[in-house]
Each structure stands twice: as structure tokens, then as C-alpha cells.
Amino acid sequence: MNNEKLTLANIAAYLAQQKGITKKVAISFLQQLTETLGEELLRDGEVKVKGLGLFKIEWHESRMSVNVQTGKKYEIAGHNKITFTPDKSMREVVNKPFEHLEPIVMDNEPISANDTWMDDEELRLKRFSEQAQEILGIIADLQQIQPEDKNQTSQTIETPTVSPTDPVAHIQQNVSIDKQEIEQASTSTTTNIADSAKTIVQKKSVEKDSIPACSDEKIMMERMAKQVPISNKRWVALSILFAVVVVISIPIYYYFFVMNHGDDATQTTTVLASTSSTHIKTIAAIPVIHSKPTATKVSTQPTLTSNPLTQSRTYKETIATETFKEGSRLTLMALKYYGNKLFWVYIYEANKDKIANPDCISAGTHIKIPKLNPKLIDVHNPQCLIQASALQTTYTKRHAIQAK
Amino acid sequence: MTHKELIADLSSKLLISENDISELLDTTFTTMANEMSKGNSVHMQGFGTFEPHRKEERLTINPRTKVRTLIPPKQVVVFKPNQTLKDKVKEAPRNE
């Protein structure tokens, strides 16, 4: 950018050179042009010149103003002013240095959709943790009452394997105890759900079920807490009823869970990944010594589901090959093939050997569009977007340093 | 005054054919535009100055949808009339 001030003479010289006329004629032409423009403007109040723009005289009403130095009010009399609106062709040419830039929408829709999804998930987890707290309080109450009427239950609750400070384990333990009780009391046919799960799959199902089970537990426990003082017999009956409800709700919930989320199995796994990660956070927030079942659950799930994001990417298969033209962008290719601009980083990674600098790719380069793991480029998963944007910042930083 | 009238007027005053005038005008304006895109301003004696002004990028919020949009920087043409022309216009009778 050089900010020189050109005069009519400069333009005239250029004109003479281009059109094969003498400088004198060119200068006289330009002078005549400006003169005519000024005259016509004064006469008509409006001059429209193709290729240059529209000059117009506009009336400005009188208005009050304040002298900044003296603070006195004074009136600016009404007067005429020239306004100039450049022609479209003129505007475009002058804006050439910036013409490749386009407005960027900051909150695009997929991200906002994800936000609401996250909120929903957090809300559910929050509710879950609140429920856990309430249940913990109720259990504490029950423990105080229980030694008076039942020795057996109090023993089972205070099993040596469970550390008393762990609320989550406590609830789970409690749930399993209830289930065992039912197995003994009623001859229900459900087989060994109550057995502290040994395979990961079973653990998962128990974990999923514990969420809605908790809501049942909560209601039942509250009722119990109210009615315990009335009679012990009623409490026993209620506890059995509660346990039955828990056992029934497990398969029902599991069935619905499969029905709702079975269609897109990939999505459920990603959902699980995020839920489990937030889940861990909520658990970790309470100072807890994890008992065995929860501890294994926490360790197994992240390793299972966070794999597609963390594992190193290889680009063997390609969907398509594109030739880089003037005006084409990696981001636009990413948008075309993957549905989001952010995922251009993966295209860049696949073509690192050809692209020295992603900001400056020579035309004619053949760009391979790699086939990617759908979990990696899930537009609806915020973790994928975060991952991609993190990669983007690292690459842009690297090239900024190289450029220096 | 329209473009055609301007061409006719110039042609009669300079004794150059209308076609040539039209071409000359086109070349003049494209030259001016090219120079301004490079950041140079064009001073036309007796009329005014055409200057390129850079507008910085800015963030806009659509009041209805609350969508924030980043408007990129751009370069626009600004015309500053010469002081004598300004004064002449100022004193001109109010039109409309």
C-alpha cells in the first residue's frame, strides 16, 4: 500500500500512453471533464456518470451545535453538501485487495444445536447428582432406623467392601442389596441382574439403569421416610414393593434405551463418551474412594469410546481428488465433503507432502480428500469440533512462525 | 445530467467523436479505480479528491436472530470536494 497522491497529470500521461493521443489532448480532456462535472452538478444538483458514480447535492437542515472551546451554543445554518455514491464497478475494483474476504457467521447453527444438547445432558446429570444426594440423606436416615427393627438389613448395608464415604458406590450397593432381597423374597424370574456385574456390558447397562432407577428410588424412599415412623410392618412391605419396582424398571428402561438409541449406534457411543466424561467429573467432585465396580466402570468406558478422537489418523482411502483452482479453499472442500469447515485440517494432514502452507496453495495442486472415521467428523459432537479447531490453531501457529 | 449528455457535451466542446470520448472516460475511470485499489488517491484539480478509505472489520449482531457476523475489512471510495466547489455548492439555492 502506497499512499501517493496522483494528479490529473498522472492520469493524463497514462491516458496518452494507452489511447495513443498526445498529453496535451489528454489533459485538456480531463480538465474539460472536471469542469463540466462541476458545472452540471451546480446546475442540476445531480450528475450520474457511468463507471464513476453519482454526485448529488443534498440539503442539510440547520441545527444547533456547541463550540467546544467556549461552550457556547450556536446554530449551523442550513446548507447544501455534495454526496458521492461510487458506481458498483468502481466499488468492486477499489475493494480488490479485500474482495476474497466474506462475512463470517460466528454462531452457526450446528454449534448452537450442540450447545442445547450439552445443556440438556448437563441438566440430566445435574438432576442425577441431586437425586443421588437426596437418596444419600434418606439412606442415612434409614440406617439410623434399621438397627431397631432388622439386624439382617443393617448388616448387609454396612458390608466391609464398601467404604462408607462413597455415595455413588453406596447407592449402587444399596440397589444390588435390594435386588438380592427380592430374589430371596419373591420368586422373580429375572436372572442375576443384581449380581454385581462382571462383564463390561452388564456394568454399562446397570449404570444406565441406575439413572431412572434413582428417580423411582427417590419417590419410594421419600414415601418410606414419611411412613417409617408410623409402622415397621408397612415399611417392610414398602421396601419389597420398591425393590419390585426397581427390578421391573430396569428391563423397561433398557428396552426404551435400545429403542431410542439403537438406530444410530455410533451416536450412542459418542454420547456415552461425553456422558461418561462428565459423569466422572461429577463423581470426582465429591471426595470419594471408589469401590471396585465404579472404579472399573470409570476406567473402561473412556478408553473404549474416546479412541476415534485420540488415536493417530491415517489417510489410506480417498473419497475423491480435487484440483486446486483459483478461489478454491480447503475449508470449502471440507464443508462439501464433511459438512463443516473446521475439518479442513484433516484434508491438510492427508496432503501435507504437497502443501507447504495451507494459507497459500498453488493452483493445479491435486488435493486428495481422505475417507475419515465418521466418529471423527461428527458435526453434532462438540468434541470433534473442539479437536478440529485445536488442530487448526496448532497449524496456523506453526505456519505463522515459519512465515516469520 | 446523464452519462449520454455528458458524452455529448464533451464531444461538442473538444471536437472528439462520441465513441472516443466514451472510451476515454472508461479508461480514465478504470485507471482511477485501479490506482485507488493500490491505496493511491486521485486529485482532480478544480473538482475534488477521490480517496480510498479502509473500513476495519467489525462484528454485527442481527437484532432479530441474535446471530453474530464478522464483517471483513473493506476499502471504499470517498470523494472530498474541493473547497471552492464546496463553497459554491453551499451558496447555491436550495433545490427540491
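List of remarks:
- Single condition residue A:17 does not satisfy, out of (1) exposed (fewer than 14 other Cβ atoms within 10 Å of the Cβ); (2) of a type in the set (S, T, N, Q); (3) within 17 Å of residue B:80 (Cα to Cα): (3)
- Selection of the stretch A:1-59 for residues being touching a strand residue (DSSP E or B) at 6+ places or on another chain (Cβ under 8 Å), more than 8 Å from every other protein chain (Cβ to nearest Cβ) and under 15 Å from residue B:47 (Cα atoms) yields A:54, A:56.
- Under the condition of being polar (S, T, N, Q), surrounded by fewer than 17 Cβ atoms within 10 Å (Cβ to Cβ) and within 16 Å of residue B:4 (Cα to Cα), the residues counted in the stretch A:28-63 number 1.
- Pick from the stretch A:77-90, criterion within 7 Å of chain B (Cβ to nearest Cβ) and under 17 Å from residue B:53 (Cα atoms), ranking: surrounded by the fewest Cβ atoms within 10 Å (Cβ to Cβ): A:84
- Residue match in the stretch A:383-391 (condition: of a type outside the set (Phe, Trp, Tyr), modelled with pLDDT under 75 and within 19 Å of the chain's Cα centre (by Cα)): yes
- Residues satisfying the stated conditions in the stretch B:13-31, i.e. hydrophobic (A, V, I, L, M, F, W, C) and at the interface with chain A (Cβ under 7 Å from one of its Cβ atoms): B:14, B:24, B:25, B:29
- Sub-7 Å Cβ pairs linking a first residue in the stretch B:1-12 that is at the interface with another protein chain (Cβ under 7 Å from one of its Cβ atoms) to a second residue that is assigned to a helix (DSSP H, G or I) and surrounded by 15 or more Cβ atoms within 10 Å (Cβ to Cβ), at least 6 apart or interchain, are B:1/A:40; B:1/A:44; B:6/A:36; B:9/A:36; B:10/A:32; B:10/A:33; B:10/A:36; B:10/B:21, ordered by first then second residue.
- Which numbered condition residue A:5 misses (of (1) more than 12 Å from residue B:35 (Cβ to Cβ); (2) modelled with pLDDT under 85): (1)
- Scanning the stretch B:51-68 for residues that are crowded, with 17+ Cβ neighbours inside 10 Å and either more than 30 Å from residue A:42 (Cα to Cα) or more than 8 Å from every other protein chain (Cβ to nearest Cβ) (or both) turns up just one, B:51.
- Flag for residue B:84 being more than 7 Å from every other protein chain (Cβ to nearest Cβ) and at pLDDT 90 or above: no
- Scanning the stretch A:351-364 for residues that are within 21 Å of residue A:396 (Cα to Cα), touching a residue at least 40 places away in the same chain (Cβ under 8 Å) and part of a loop (DSSP other than H, G, I, E, B) turns up at least one hit.
The values are calculated or read from the model by the stated rules, or taken from the named source; none is laboratory data. None of these values were measured; they are calculated from a predicted model. Every residue, glycine among them, receives a Cβ derived from its backbone with ideal geometry; neighbour counts consider all protein chains shown.
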